[in-house]
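Working notes, beginning with the structure itself.
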Amino acid sequence: MTDTPAHLTIVDHPLVQHKLTIMRDKGTSTAVFRQLLREISQLLAYEVTRNLPMTTTRIETPMQEMDAPTLDGKKLALISILRAGNGLLDGVLELIPSARVGFVGLYRDEETLQPVQYYFKVPEAMEDRLVIAVDPMLATGNSSVAAVDLLKKSGATNIIFLCLLASPEGVATMKAAHPDVPIVTAALDESLNEKGYIIPGLGDAGDRMFGTK
Ligand code: URA
């Protein structure tokens, strides 16, 4: 795992990088893309939950009693930024099945590249939870900033942003607006093109995972 000063963590595990390369390849089918996204999201979830607070609970093994480690605190909230966030959400949920789940619906106006909200539903007591917002592509950062704005308005104070690919522009935009929100990603790509797509990227994540065009 690579930690940069800019509150960005790049999960450079060989399995993550190998799977990501296959996902980037334009010849990879929708089915394989979806399966790999599920697998990668579990590996990213493993990293993103590395510092969760722990406590102990008294249990009895078949041999004797012991104070055994368990997760402390309220349940996590996983927030999928629709629609592509759902691809990351499924895998993370497999690893953390008891997490609460919320959805932020934002689409990107293709002219202005600005986010437009169409849905918002999150669990209660957001202020007590670690909130993991998931969106595969941190591109311009505009929709990520808007989503985090909404999460903070709902009470969240402890937020991590989990994505598959990030652009330098997106990371900078997020850092300027939300310096308190760490970003965890599988790769930091080179740039954005004029349409706001990540270069070299993997194309439109939603289209690739759902088979739309
Ligand atoms: N959203 C995508 O799906 N892909 C990009 O490259 C940028 C934003």
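Restricting attention to the range 183-209, report how many residues are touching a residue at least 24 places away in the same chain (Cβ under 8 Å), more than 11 Å from the ligand (Cβ to nearest atom) and open to solvent by 40 Å² or more (accessible area, probe 1.4 Å). Number of matching residues: 1. Candidates in the range 32-59 are the residues that are among the charged types (D, E, K, R) and within 17 Å of Ile10 (Cα to Cα); of these, the one that is nearest to the chain's Cα centre (by Cα) is Glu47. The one condition from (1) out of contact with any Gly (no Cβ under 9 Å at 6 or more places or on another chain); (2) within 24 Å of Ala45 (Cβ to Cβ); (3) part of a loop (DSSP other than H, G, I, E, B) that Lys195 does not meet is (2).
Does at least one position in the range 116-127 carry a residue that is more than 14 Å from the chain's Cα centre (by Cα), buried (at least 18 other Cβ atoms within 10 Å of the Cβ) and under 30 Å from Leu15 (Cβ atoms)? Looking through the range 116-127, none of the residues is more than 14 Å from the chain's Cα centre (by Cα), buried (at least 18 other Cβ atoms within 10 Å of the Cβ) and under 30 Å from Leu15 (Cβ atoms). Taking each residue of the range 108-124 that is without any contact (Cβ under 8 Å) to a residue 12 or more places away in the chain and looking for partners that are part of a strand (DSSP E or B) and charged (D, E, K, R) with beta-carbon atoms closer than 8 Å, six or more apart or interchain, yields Val116/Arg108. The residues on offer are Ser154, Ser98, Ser144, and the sole one that is buried (at least 24 other Cβ atoms within 10 Å of the Cβ) and of a type in the set (Ser, Thr, Tyr) is Ser144.
In the range 39-71, which residues are open to solvent by 80 Å² or more (accessible area, probe 1.4 Å) and of a type outside the set (Ser, Thr, Tyr)?
Arg50, Asn51, Met54, Arg58, Glu60, Pro62, Met63, Gln64, Glu65, Asp67, Pro69, Leu71
Could you go through the range 147-155 and let me know if any residue there is outside any helix (DSSP H, G or I), at pLDDT below 95 and among the small types (Gly, Ala, Ser).
No, there is no match, as no residue in the range 147-155 is outside any helix (DSSP H, G or I), at pLDDT below 95 and among the small types (Gly, Ala, Ser).
For the range 103-113, a residue qualifies if it is surrounded by 14 or more Cβ atoms within 10 Å (Cβ to Cβ) and over 20 Å from the mean Cα position of the chain (by Cα), and exactly one does: Leu113.
Listed conditions (1) away from the ligand (no atom under 13 Å from the Cβ); (2) open to solvent by 50 Å² or more (accessible area, probe 1.4 Å); (3) not in a loop (DSSP other than H, G, I, E, B) are all met by Asp180, apart from (3).
The values are calculated or read from the model by the stated rules, or taken from the named source; none is laboratory data. The model shown is predicted, which means the values in this text are computed figures rather than measured ones. All Cβ positions, even for glycine, are placed from backbone atoms using ideal geometry, and neighbour counts span all protein chains on display. Surface areas here come from the heavy atoms of the whole protein model, side chains and all, with no ligands, DNA or RNA. Shrake-Rupley method; radii C 1.70, N 1.55, O 1.52, S 1.80 Å.
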